[in-house]
Amino acid sequence: MNTYLSQVLQAVEKRDPSEPLFLQAVKEVIESLDPIIAEHPEIEEEAILERLCEPERQIIFRIAWQNDKGQTQVNRGFRIGFNSSLGPYKGGLRFHPTVNLDTIKFLGFEQIFKNSLTNLPIGGGKGGSDFNPKGKSECEVMRFCQAFMSELFRYVGFQTDVPAGDIGVGGREIGFLFGQYKKLTQRFEPGVITGKDVGLGGSLARKEATGFGVVYFAKAMLQTRKTDLSGKTCLVSGSGNVAIYCIKKLQDMGAKVVACSDSSGSIHDPEGIDLDVVRLLKESEKARISEYIYRRPRATFRAKQTVWDIPCEMASPCATQNELNEKDAKTLLKNGCILIAEGANMPSTPDAIKVFQQKKILFGPAKASNAGGVAVSALEMQQNASLEQWTFQMVDQRLQGIMNTIHGSCLHYSEKYHRKDDNIFGANVAGFLRVAQAVHAYGVI
Ligand code: NDP
């Protein structure tokens, strides 16, 4: 690695030694930048990389709320504006007990380059809380969301910072957050948050966008090998928003999805996952995935087991970070897997990625393959600004176009720098260059 790059990495490691996820995300980007630094001396001269590795602002706040028993609860809230060179901070809110500053920083850092790859005018940000929505009543979730927004509303806005959903934050939570924002500011300003229900100014196809986008990216990768998804056996981890619509689009394209999961274990259904059952359990009943076998007795539930040991041709990790390790990667390859399309953020560990890269299988890195969600969020902002409501088909077509363009950028840069088929390299370089050029153009601010 070039001396400048290793100095920047060491400085970040020294400054944030207790943030392993953030360091993992930074290292992956920096490792791709060698040829770029040689061609663009201004990156070192103007400390552009150093500036991209330090958030523009980090807001941490206390959230006090009452549960159904009238007991006062205290949680911690975060919102990080990582970089606004390309547009307002844009990125989701995660509600999960594991959320801490490290989680939000890694997600915010990834978001800068993902958003850059979409070619849309959006900067990178992320937020969330260590609030655990599991087991909470709807009223408790509402009171928590209202308390969260009672602090966050000071910092968000159509032209400054536009949150959306992520783990634990779907349409229902976005409705509560948006309602509280409207009440506090006395303004109906739908462009302040995305992922809204269509009735509140949301975009058609936003709910589907991340999962569909993952599959469009997978399709584009397969086209480079003159094949498609038809008849391919697939594994999808998770059973939340991204997983459900990834499964839906895979099935629409003729693939057979035989497994999915949640944090309690995985379902193996060799005849193909019945998505109506998964949606009923997860979207309506908020039940555990283990309940699937009572509705589809042909399937098996594997407590505390991931999906990665089941034979497949394609695998899509759609649950959470570092959910697929080196051992899983070796098992997938041994069983005949030829394609990984990441739906979750940073789901494969660095060692797993090395295994995939050595075998040169098709690999769609998260910041490219799951960018469809944020891209359609930006289209939602566009519709809100113009007071328009586009059809599902229009949004879906724009999404397909964006995913193909992102894939094209990955191909372009991987070929230009003789790293053919290395989409991690291509995505990092394409995402970095657009944002670095903007940072350079502003001067030192
Ligand atoms: P959801 O909350 O809808 O679903 C998350 C799923 O992942 C659930 O099945 C959940 O199981 C499982 N999961 C979460 N944490 C863990 C864990 N620690 N171990 C095992 N399983 C876990 O979230 P999304 O589908 O929205 O998000 C999934 C991933 O996709 C995240 O990495 C997110 O950052 C990323 N992403 C989401 C986008 C979006 O538009 N929603 C956009 C781009 C990326 P359980 O219910 O048991 O916890």
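Computed from the coordinates by the stated procedures, all read-outs in this text should not be read as laboratory data. Given the structure is predicted, the values throughout are model-derived calculations rather than measurements. Note that each Cβ is placed from the backbone with ideal geometry, even for glycine, and that neighbours are counted across all protein chains shown.
Of the residues making up segment 74-87, those that are surrounded by fewer than 22 Cβ atoms within 10 Å (Cβ to Cβ) and in contact (Cβ under 8 Å) with a residue 24 or more places away in the chain are Asn75, Arg76, Ser84, Leu86, Gly87.
Among the candidates Ala303, Ala299, Ala329, single out the residue that is in contact (Cβ under 8 Å) with a residue 12 or more places away in the chain and within 22 Å of the chain's Cα centre (by Cα). Please lay out each step first, then the result.
Details: Ala303 fails: within 22 Å of the chain's Cα centre (by Cα); Ala299 fails: within 22 Å of the chain's Cα centre (by Cα).
The conditions single out Ala329.
Determine, yes or no, whether Gly211 is in contact (Cβ under 8 Å) with a residue 60 or more places away in the chain and within 14 Å of the ligand (Cβ to nearest atom). Before you say what the answer is, go through the steps one by one.
Working: in contact (Cβ under 8 Å) with a residue 60 or more places away in the chain: yes; within 14 Å of the ligand (Cβ to nearest atom): yes.
Answer is yes for this residue.
Could you please find all residues in segment 134-193 being surrounded by fewer than 21 Cβ atoms within 10 Å (Cβ to Cβ), hydroxyl-bearing (Ser, Thr, Tyr) and either outside any loop (DSSP other than H, G, I, E, B) or within 16 Å of the ligand (Cβ to nearest atom) (or both)? Matches in segment 134-193: Ser150, Thr185. Can you tell me which residue in segment 194-232 is farthest from the chain's Cα centre (by Cα), limited to those that are part of a loop (DSSP other than H, G, I, E, B) and of a type in the set (A, V, I, L, M)? That would be Leu229.
Comparison of Gly201, Gly231, Gly254 shows that the only residue that is among the small types (Gly, Ala, Ser), away from the ligand (no atom under 16 Å from the Cβ), crowded, with 18+ Cβ neighbours inside 10 Å and at positive phi is Gly201.
Of all residues in segment 359-371, those satisfying the criterion of being crowded, with 24+ Cβ neighbours inside 10 Å and more than 8 Å from the ligand (Cβ to nearest atom) are Gly364, Pro365, Lys367, Ala368, Ser369.
Filtering Lys114, Lys126 for residues that are within 12 Å of the ligand (Cβ to nearest atom), under 15 Å from the mean Cα position of the chain (by Cα), within 24 Å of Glu28 (Cα to Cα) and not in a helix (DSSP H, G or I) leaves a single hit, Lys126.
If you go through segment 257-274 and pick out every residue that is surrounded by 18 or more Cβ atoms within 10 Å (Cβ to Cβ), polar (S, T, N, Q) and within 9 Å of the ligand (Cβ to nearest atom), you end up with 1. Scanning segment 275-302 for residues that are within 12 Å of the ligand (Cβ to nearest atom), buried (at least 16 other Cβ atoms within 10 Å of the Cβ) and assigned to a loop (DSSP other than H, G, I, E, B) yields a single hit, Arg288. Taken as a whole, the structure places Thr349 among residues that are within 16 Å of the chain's Cα centre (by Cα) and either more than 12 Å from the ligand (Cβ to nearest atom) or of a type in the set (Lys, Arg) (or both).
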